[in-house]
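Below is one structure, written out as structure tokens; comments come after it.
The values are calculated or read from the model by the stated rules, or taken from the named source; none is laboratory data. On a predicted model such as this, the values are computed, not experimentally measured, just so you know. Positions of Cβ are generated from backbone atoms using ideal geometry, with glycine treated the same way; all protein chains shown enter the neighbour counts. Accessible surface is based on the protein model in full, side chains and every heavy atom, while ligands, DNA and RNA are left aside. Shrake-Rupley method; radii C 1.70, N 1.55, O 1.52, S 1.80 Å.
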Amino acid sequence: MVPATVTNRQIRLRKRPVGKPAPDDFEITVASVPVPGDGEVLRRTIYLSLDPYMRGRMSDARSYAAPVSLGGVMVGHTVSEVVESRHPSFQPGDVVAGYDGWQEYACSAGGGLRRLDRELPLTAAIGILGMPGLTAYVGLIDIGQPKANETVVVSAASGAVGSVVGQLAKIRACRAVGVAGSAEKCRYVVEELGFDACVNYKSDDLGAALRAVCPDGVDIYFDNVGGAVLAAVLRLINRGARIPLCGLISEYNATDPPPGPNLRPLLVNRATIRGFIVSDHSDRTGAFLQECAPLVRAGRLRYREDIVDGLDAAPRALIGLLEGRNFGKLIVRVSAEPGRES
């Protein structure tokens, strides 16, 4: 039972940003902790995932998912502890992954909740073994269809999705080349994650640097950013290249449509570019976890997390994510893990 004195802090969308989000686009509110009815589960949020797609949900522009309503609680994947249950499948003390958003407590009928394996770090469920990991798996394996000795280039290579793409490419005997935004991130991508090379797009002549590390061209480009990186890679694609288009983070804060890259190489090289949204591929979750969970346990899939403390830190952390200030999977620790409250 939750004491009557406990309240539910929430972060809501106060106004829609124009260009870069600002802290005053959000507001902190306090509500009563919901009381579960028959068939419902009350949960306390432990971890909240922050991801680039959230910028799109703050806009009312037409997209693949409905925007957050003004005054609504911001969306987000979560790890939570069940504190009260009137649902036969869940018991108090269970730890579950769900989609509870930017708030300290949530209550629902239990749809979409997944009980977690406590042998793995809880944060893995919203990172390497959650939506980011599944995104990397579907994009590379299903759309990229990597073959041994091919060259795979991935942008935002130190991030939650890109880091997994490169490691999976190496496991499939491909050559993995990353693009990242600092010398430190490039070192991490090569020395810790095992990529063959990484280019710093902020300091290098991007086109020349990519040509130097991709002497045999590019067979798969896993695109997380669009813009100048996509334009540079297109000049190097091989015949039959595949481009899983995962994100366009370089454009998310743009107020005017940016100029597009030259798509002629796609025609000349009979290349395939395919946009995908991971929520359309939930049927691949079982295969993804079956292959990748053992790799995580064995240390063959490595990951880095950037954890900030307190729900109130979420707005500024998301703003930093969209500017590339995070290093690794960005997570908010909303409350202590069970057994670690002291």
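Some notes on this structure:
- With Cα atoms, 0 to 90° folded angle of helix 285-297 axis to the chain main axis: 90 degrees
- Relative contact order (%) - region 27-82, alpha-carbon pairs under 8 angstrom, separation at least six: 41 percent
- Among Ser155, Ser282, Ser80, the largest mean-square fluctuation in a Gaussian network model of the chain (Cα springs under 10 Å) belongs to Ser282.
- Here is the short version for the chain: Cys107, Cys174, Cys214, Cys246, Cys292 have no other Cys C-beta closer than 4.7 Å.
- Net charge, Gln103 excluded, C-beta distance under 11 Å - Lys, Arg +1, Asp, Glu -1: +2
- Its alpha carbons give region 3-122 an Rg and a Dmax of 15.3, 46 Å.
- Note on Lys202: aspartates and glutamates with a C-alpha under 15 Å away, same-chain residues under 8 apart excluded, are Glu184, Glu323.
- The chain: angle of helix 162-171 to the longest principal axis, Cα-based, in degrees nearest 10: 60 degrees
- Its relative contact order, with pairs defined as Cα atoms under 8 Å and 6+ residues apart, puts region 51-135 at 21 percent.
- Neighbours of Gly39 by Cβ distance under 13 Å: Lys/Arg scored +1, Asp/Glu scored -1, total -2.
- Accessible-area rank, largest first, for Glu323, Glu119, Glu104: Glu119, Glu323, Glu104, with all protein chains present and a 1.4 angstrom probe.
- Dipole magnitude of the chain, debye to nearest 20 (Cβ charges: Lys/Arg +1, Asp/Glu -1, about Cα centre): 760 debye
- Remark: relative contact order (the chain) = 17 percent; criterion is Cα-Cα distance under 8 angstrom and separation of 6 or more residues.
- Sparsely packed loop sites in region 88-155 (the trypsin sites (Lys or Arg not before Pro) outside DSSP H, G, I, E and B with at most 15 other Cβ atoms within 10 Å) comprise Arg118, Lys147.
- Computed with the Debye formula from one identical point scatterer per Cα of region 181-239, without solvent, the log10 of I(q)/I(0) at q = 0.14, 0.18 Å⁻¹ comes to -0.38, -0.63.
- Ratio Rg/Rh, restricted to the chain and using Cα atoms, in which Rh is the Kirkwood radius: 0.99
- Here, P(r) means the percent of Cα pairs in each 10 Å bin from 0 to the largest distance; for region 120-238 it is 15, 50, 30, 5, 0.
- Full extension of the chain segment joining Asn262 with Arg239 gains 6.7 nm, where the gain is 0.36 nm per residue of separation less the Cα-Cα distance.
- GNM top mover of Pro121, Pro23, Pro265 - the chain, alpha-carbon springs below 10 Å: Pro121
- Helix-derived mean residue ellipticity, 222 nm - over the chain, DSSP H n ≥ 4, -39500 (n - 2.57), to 500: -5500 deg cm²/dmol
- In this structure Ile28 has an accessible area near 90 Å², from a 1.4 Å probe over the protein heavy atoms.
- Summed residue charge, Cβ within 15 Å of Val138's Cβ, Lys/Arg positive, Asp/Glu negative: -1
- The order of Met1, Met54 by accessible area, most exposed first and with a 1.4 Å probe, is Met1, Met54.
- Rule-of-thumb Rg ratio for region 272-341 [Cα; 2.2 N^0.38 Å; N residues]: 1.46
- Annotation for region 170-208: trypsin sites (Lys or Arg not before Pro) lying in DSSP loop with at most 14 further Cβ atoms inside 10 Å of their Cβ are Lys202.
- Whichever lysines have a C-alpha closer than 19 Å to that of Lys170, once near sequence neighbours (fewer than 8 apart) are set aside: Lys147, Lys185
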